[in-house]
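Notes follow the structure.
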Amino acid sequence: MLVDPDVLSPQKPTNKDFVHWLLVNIPKGAVDNGQTVLEYMPPAPPPGTSYHRYIFKLYGQGQDTIQVKPFTCRAKFRPKHFADQYDLGDPLATFCFRAEAQGSVDESK
């Protein structure tokens, strides 16, 4: 999964843990063969906010497959709740990066 814990802004994360990507049932690390629950949405911090953190979390699945109940709301996703609901335990790996809103491009240069 990929989440942004800083939505709407790092100073006021009222919609924190916005989920940007969610895959399950990835066979032996073959991400391309995993089941997409929510399509990838690239990072896009709103203008006027500072850096947003983006966190990839990789969980192990004890069972071969899990059946995820469909949902469409990306805001206020709770990774720990999701992991508990599907008996995934703690993340096996995490990776974090930061991004900020892109300013306007000066085409005169």
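The values are calculated or read from the model by the stated rules, or taken from the named source; none is laboratory data. Being a predicted model, the structure only gives us computed values, none of them experimental. SASA here: full protein model, heavy atoms, side chains in, ligands and nucleic acids out. Shrake-Rupley method; radii C 1.70, N 1.55, O 1.52, S 1.80 Å.
Restricting attention to the stretch 43-63, does a residue exist that is of a type outside the set (F, W, Y), assigned to a loop (DSSP other than H, G, I, E, B), at pLDDT below 95 and under 12 Å from the mean Cα position of the chain (by Cα)?
yes
Looking at this structure, is S9 open to solvent by less than 60 Å² (accessible area, probe 1.4 Å), of a type outside the set (A, V, I, L, M) and closer than 14 Å to K76 by Cα?
Considered against the rule, which asks whether it is open to solvent by less than 60 Å² (accessible area, probe 1.4 Å), of a type outside the set (A, V, I, L, M) and closer than 14 Å to K76 by Cα, S9 comes out as yes.
With the requirement that a residue be open to solvent by 80 Å² or more (accessible area, probe 1.4 Å), within 15 Å of V19 (Cα to Cα) and not aliphatic (A, V, I, L, M), what does the stretch 43-68 give you?
Hit for the stretch 43-68 is R53, nothing else.
Being of a type in the set (G, A, S) and part of a loop (DSSP other than H, G, I, E, B) is the filter; apply it to the stretch 1-37 and report the residue that is farthest from the chain's Cα centre (by Cα).
A30
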